[in-house]
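Structure first, commentary second.
The values are calculated or read from the model by the stated rules, or taken from the named source; none is laboratory data. This one's a predicted model, so the numbers in the text were calculated from it and none came from an experiment. Cβ atoms come from the backbone with ideal geometry, glycine included; neighbour counts cover every protein chain shown. With ligands, DNA and RNA removed, areas are computed over all heavy atoms of the protein, side chains included. Shrake-Rupley method; radii C 1.70, N 1.55, O 1.52, S 1.80 Å.
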Amino acid sequence: MKTQDLLKKLFNEGDCLTYDWYFSARRKAEKMCEQFMLENPHSFCFVQNTKVSMPLLKHTDFQYFSNGALVIYMWPQRADEVIKKARKILALHGYVIKDIYAPQNKEEWQDYFKLLIDIHDKTKELPVKDEDLILRTFNSPAEFADYCFNGGNVLLNASKDECYNPKYRQMLALFGNGLYMVDEKYKRYDSFYGDVEVKFFEDYVCEKPMMRPIYVPQIYLQALYQRAKQYNWYISPEDAAKKLPQVKISELETIKKYTEDILQNRMCISILTPRINYRDIFLDPILTSPDYNRYVLFDDGKLILSQKYYNDKVKQKHFLEDLKRSFPYMKFTVELASDYCIDYLYQEIYKRQKSARDIYLEMMRQKAMFISEIFGVPVVLTQDAAAQFIGWKDWTEMENVTNTHARHLIAMQQDLDKRVEKNGYKNDVIYNATAYFDLLKTQNIPYENSQKLYSQLKANLAKAKRQ
């Protein structure tokens, strides 16, 4: 099949309505929102593209064009499922499927997979005109909830007809028409909180097509779940938790015995996220994240994978290739275990080894002491500065860090250490000395002391550079 001919035909006869236009217009959209929020600090807004009706987050399954053409890459055995899913989500937005372009056999699968990639690449080149971008504004969480629930839209994360872990209500909200909200603190660009759990929901938990996420303040997210209580499809977090699969007592006993055997004379080396070193940078930690990839790795190469996600040999092979880049000389001995067993293993490992949280807090204590030494001020003052520099409100808030969050923050520190080394500095405190100085000045240091501190800082910097 000549995919280039079909590609030209598709774009000549219609506009792609499902691609992620935000890729090429992110900065424009951000500037529009920044200006609005500057003038309206208590309101909320997001940008829409009038030329792209429903930009899908999961765009690799299918793409849809304005003339009714649907392109999918699944072979016939799975095509019906994808078409049914596409037809439902499109109908909710007033669209119908007129023509379907899909492989007729497994041999054509690769051609159509390439076609989907070509469509994605082609849309990256499409210009996004300023006049196509509109700002949707909301003056209150209640007004935003009106918009989301318009037309009888159902909040799937709070629906009794679905089976989603209620923990996701703290971070996201997915509606029946594909509308998808994520707490703004998980925004992907240099996110302080990371997005492992959000991405896990998108890639593993949810089978439904989702639009590109709209990042919202937590108060707006809470308003959606508060509004959902008014509908007869609503289910409470407590009742939703009861619907989740439960581990049987007999299975738990088997897991306990298995765990005791596995942990004999072994050290877990996936407590922190293994990193892939590429030239002078580390690659994205999501590639080898134990939270996202659901595994436990030990120092002798014993690798426990979640059976729920790695029965697929192709997926298992791809993950092992990534992990091998972190441990090129290690020979893995792979075993599959229940997904619950992965959680239980880490729970028991943390009783025997330091957790990611323990390691992170110790790292931050050492940093606070080092700042104290460099700047010549009491460590009680440097603790809050060390925490605030990372993104915490203060040291006390930082002490509540979870293991998942700690793994992410340690990876961010590893990335920073790489930059510091590349620029020829001894450590990141010296590298960011002026920023730390500004933070310390907020710790009620009298003016005369701050002047002395600045002089001491200059002397320490000069000494550090000589070393």
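Taken over the range 403-428, the criterion of being in contact with a strand residue (DSSP E or B) (Cβ under 9 Å, 6 or more places away or on another chain) and not acidic (Asp, Glu) is satisfied by Ala411, Gln414, Lys418, Arg419, Lys422. Taken as a whole, the structure leaves Ile410 outside the set of residues that are modelled with pLDDT under 95, open to solvent by less than 80 Å² (accessible area, probe 1.4 Å) and either closer than 30 Å to Phe200 by Cα or among the β-branched types (Val, Ile, Thr) (or both). Kindly indicate whether Gln316 is without any contact (Cβ under 8 Å) to a residue 12 or more places away in the chain and in a helix (DSSP H, G or I). Criteria not met by Gln316.
Matching residues to (1) within 29 Å of Met37 (Cα to Cα); (2) buried (at least 17 other Cβ atoms within 10 Å of the Cβ); (3) touching a Ser or Thr at 6+ places or on another chain (Cβ under 8 Å):
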position	(1), (2), (3)
Tyr95	no, yes, yes
Ile100	no, no, no
Glu107	no, no, no
Gln110	no, no, no
Ile134	yes, no, yes
Asn139	yes, no, yes
Ala145	yes, yes, no
Gly151	yes, no, no
Val154	yes, yes, no
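For the range 45-73, residues that are open to solvent by 10 Å² or more (accessible area, probe 1.4 Å) and more than 26 Å from the chain's Cα centre (by Cα) total 4. Would you check if there is a residue in the range 357-369 being open to solvent by less than 40 Å² (accessible area, probe 1.4 Å), more than 13 Å from Tyr436 (Cβ to Cβ) and touching a Pro at 6+ places or on another chain (Cβ under 9 Å)? No, because not a single residue in the range 357-369 is open to solvent by less than 40 Å² (accessible area, probe 1.4 Å), more than 13 Å from Tyr436 (Cβ to Cβ) and touching a Pro at 6+ places or on another chain (Cβ under 9 Å). The requirement of being touching an Asp or Glu at 6+ places or on another chain (Cβ under 9 Å) and surrounded by fewer than 17 Cβ atoms within 10 Å (Cβ to Cβ) is satisfied by Lys422. For beta carbons closer than 9 Å, sequence separation of 6+ or different chains, a first residue in the range 370-385 that is more than 19 Å from Tyr431 (Cα to Cα) and a second that is open to solvent by 50 Å² or more (accessible area, probe 1.4 Å) and modelled with pLDDT of 85 or more, the qualifying pairs are Val379/Arg365; Val379/Met369; Val379/Glu373. With a requirement of 3 or more residues that are crowded, with 18+ Cβ neighbours inside 10 Å, in contact (Cβ under 8 Å) with a residue 60 or more places away in the chain and of a type outside the set (Val, Ile, Thr), the helices (runs of 4 or more DSSP H) lying completely within the range 200-283 that satisfy it span 218-228.
If you filter the range 305-356 down to residues that are charged (D, E, K, R) and open to solvent by less than 80 Å² (accessible area, probe 1.4 Å), you find that the one that is modelled with the lowest pLDDT is Lys315.
Taken over the range 178-199, residues that are of a type outside the set (Lys, Arg), open to solvent by 60 Å² or more (accessible area, probe 1.4 Å) and over 18 Å from Ser289 (Cα atoms) amount to 1.
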